[in-house]
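The values are calculated or read from the model by the stated rules, or taken from the named source; none is laboratory data. If you're wondering where the values come from, they're calculated on a predicted model, not measured in any experiment. Methodologically, a virtual Cβ is constructed for each residue, glycine included, from the backbone with ideal geometry; neighbour enumeration extends over all protein chains shown.
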Amino acid sequence: MKDAMIMSFFNVVWDLMHRGGPVLWLLLGLSVVGLTLILERAWFWLSTNSSRRLAAMQQMARHLREGNVAGAKALAEADGGVYGRTVLALLEEKEVSEATGTAIVEAQRGVLERFMPILTSLITGAPLLGLIGTVTGLISTFRFMSDKMMTVDPRGVGLGLSEALLNTVAGLAVALIVLFPYNAYRAQIDRTLGRLEVLVAAAIQRTRTGKPAGSPADADNRVAVG
């Protein structure tokens, strides 16, 4: 019974894909690509902005403000993510200015925005590709009607219209599937960039205020900024 239901499902899917034509197969491939990238980005953001890493980021910011270089470096090396790499880059600089901090933050933008241009292209391109399928389906319908002017076969007309409508729906579906995760990931990028700027500001604030180091052992390891 279960095998029969599975076979029936695949037969229905195959029939729909056959009716949709080559454009529908292309949209199916794009949907697989989109879902794969969505899952990859979901895993990345769940890992990057987990509660543990956000707590570590706040701890690193506090260490930078207090001049506790050893503590900030230890947390950064244990983190291994964008926050840790940013802190390590700040500690490697002899002088951390606003320009230097901006450059360090921008160096992490590529990691944060990975695959986002592809998702953008899917959102805008899938409906247009579906529209191409719609047009080709209508062309097939009109061609069939012109060839059968005297006796129009409703089945032939229906096949052309189904190709047009299936491609329209598929193009919109692919765009909608990608759109909502894309907006969520864009919000995560903005929040993460803001947190990276907090780390930079903490390093700059430390020397501008001239606070003493967190412990005597760290007195020689203060972060210097211009």
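Among the residues of region 208-225, is any surrounded by fewer than 19 Cβ atoms within 10 Å (Cβ to Cβ), modelled with pLDDT of 85 or more and not aliphatic (A, V, I, L, M)?
Scanning region 208-225 turns up no residue that is surrounded by fewer than 19 Cβ atoms within 10 Å (Cβ to Cβ), modelled with pLDDT of 85 or more and not aliphatic (A, V, I, L, M).
For the subset of region 61-98 comprising residues that are of a type in the set (Gly, Ala, Ser) and under 27 Å from the mean Cα position of the chain (by Cα), which member is nearest to ARG186 (Cα to Cα)?
So, considering only residues that are of a type in the set (Gly, Ala, Ser) and under 27 Å from the mean Cα position of the chain (by Cα), the one nearest to ARG186 (Cα to Cα) is GLY81.
Give the residues of region 76-114 that are closer than 18 Å to ALA56 by Cα, hydrophobic (A, V, I, L, M, F, W, C) and surrounded by fewer than 19 Cβ atoms within 10 Å (Cβ to Cβ), sorted by residue number.
If the condition is that a residue be closer than 18 Å to ALA56 by Cα, hydrophobic (A, V, I, L, M, F, W, C) and surrounded by fewer than 19 Cβ atoms within 10 Å (Cβ to Cβ), then ALA78, LEU88, LEU91 are the ones that fit.
Quick check on region 116-136. Is at least one of its residues touching a Gly at 6+ places or on another chain (Cβ under 7 Å) and among the β-branched types (Val, Ile, Thr)?
Yes, the conditions are met somewhere in region 116-136.
Out of region 55-74, which residues are in contact with a Gly (Cβ under 6 Å, 6 or more places away or on another chain) and either free of Cβ contacts under 8 Å to residues at least 12 places away in the same chain or assigned to a helix (DSSP H, G or I) (or both)?
If the condition is that a residue be in contact with a Gly (Cβ under 6 Å, 6 or more places away or on another chain) and either free of Cβ contacts under 8 Å to residues at least 12 places away in the same chain or assigned to a helix (DSSP H, G or I) (or both), then HIS63, GLU66 are the ones that fit.
Yes/no per residue for (1) within 26 Å of PRO181 (Cα to Cα); (2) of a type in the set (S, T, N, Q); (3) touching a Lys or Arg at 6+ places or on another chain (Cβ under 7 Å):
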position: ARG41; (1), (2), (3): yes, no, no
position: SER51; (1), (2), (3): yes, yes, no
position: ALA78; (1), (2), (3): no, no, no
position: GLU113; (1), (2), (3): yes, no, no
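Among the residues of region 44-99, write down those that are hydroxyl-bearing (Ser, Thr, Tyr) and at pLDDT 90 or above.
Correct list: SER47, THR48, SER50, SER51, TYR83, THR86.
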